[in-house]
1. Would you indicate which of [x] 45, 41, 39; [y] 54, 40, 33; [z] 51, 42, 40 is the value of Cα extents along the principal axes in Å derived from the coordinates of this structure?
2. Report relative contact order for the stretch 99-216 in percent, whole number only (criteria: Cα-Cα under 8 Å, sequence separation at least 6).
3. How far is it, in nm, from the label point at Leu186 to the one at Asp77 when both lie 7 Å from their Cα along the line to the Cβ?
4. Over the stretch 10-243, what relative contact order in percent results from Cα pairs under 8 Å that are six or more residues apart?
5. Straight distance only, please: which lysines reach the Cα of Lys21 with their own Cα at less than 21 Å, same-chain residues fewer than 8 apart left out?
6. Using a simple charge model, +1 on the beta-carbon of Lys and Arg, -1 on the beta-carbon of Asp and Glu, nothing else, what dipole does the stretch 10-243 show about its Cα centre, in debye to the nearest 20?
7. Which parts of the stretch 26-46 would a label at Arg62 reach, counting a residue when its backbone N lies under 15 Å from a point 7 Å out along Cα-to-Cβ?
8. How high is the relative contact order of the stretch 45-125? Use alpha-carbon pairs under 8 Å, at least six apart in sequence, and give a whole percent.
Amino acid sequence: MSMTDNRPLLEMTGINKVFHKEVLRIESLSLDKGLIYGVIGPSGAGKSTLLRIINLLTPPTRGTYRFMGEAFENGNDRERLRIQREMALVFQRTLLFRESVRHNIAYGLKARRVPRKDIEKRVDELLAYLGMEGLAHRRGDTLSGGEAQRVAIARAVAFEPKLLLLDEPTANLDPRNIALIEDMILSMKRDKGITVVMVTHNVFQAKRIADEVIFIDEGRIVETGPVERVFSSEAHVKTRAYVEGRMIY
């Protein structure tokens, strides 16, 4: 795909997911390159399921899925893996190896068989870029929750994915670590052009760092649009009720 290609990074139409019942239905969702999308909505609305479908960890039951202009068909494992290699997904519960932070960040690059010399250089550059040099030789199992989450995000972006998916990346963290992680996310967008989709229960966080907001309720995308509109009086009545704390669960 050329640098001048203005097509969306991801397009999904008529997507749904059925387990014992339908848990998610997406009539239409388009993600443009280089934006931060904040996904908000009540617990159980389908936010994490949306991330898993975007990443194809949970393939859709039916619908049209296009990534970088190419359609994905259920059952095509080779194409699924190709798409997944262009993305990174960081869960709320961070799992790190007991080895050093350097080892943790380098892991994904080794799995992709990047030459060792290039791995060392890229890890050094990433640690410096993110201001994490002081953590380089700490063991993963000795880090605080905020430090571990920062390492998990650094590991995810080490191979410079086109799409970074974050599931509640700052849940249960103190304000300082929340600010550090938000700065990381903003830097990835600004300097690397990475598209970010971030699930958050914190509507103020979405308002601070998102370009676009996706509001989900009962497995449906109620509204998506620029953050200024979604947090204004022009928003959908359900969206307004949620962001103002008036929605009854």
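All of the numbers you see were taken from the coordinates with simple rules; none came from a lab. Owing to the predicted nature of the structure, the values given are computational and were not obtained by experimental measurement. No Cβ is skipped: glycine too gets one built from the backbone with ideal geometry, and neighbour counts run over all protein chains shown.
1. The listed entry that was calculated here is [z].
2. 26 percent
3. 4.4 nm
4. Reported relative contact order: 29 percent.
5. Lys47
6. Here the stretch 10-243 has a charge dipole of around 660 debye.
7. Residues passing the 15 Å test: 26-27.
8. It rounds to 18 percent for the stretch 45-125.
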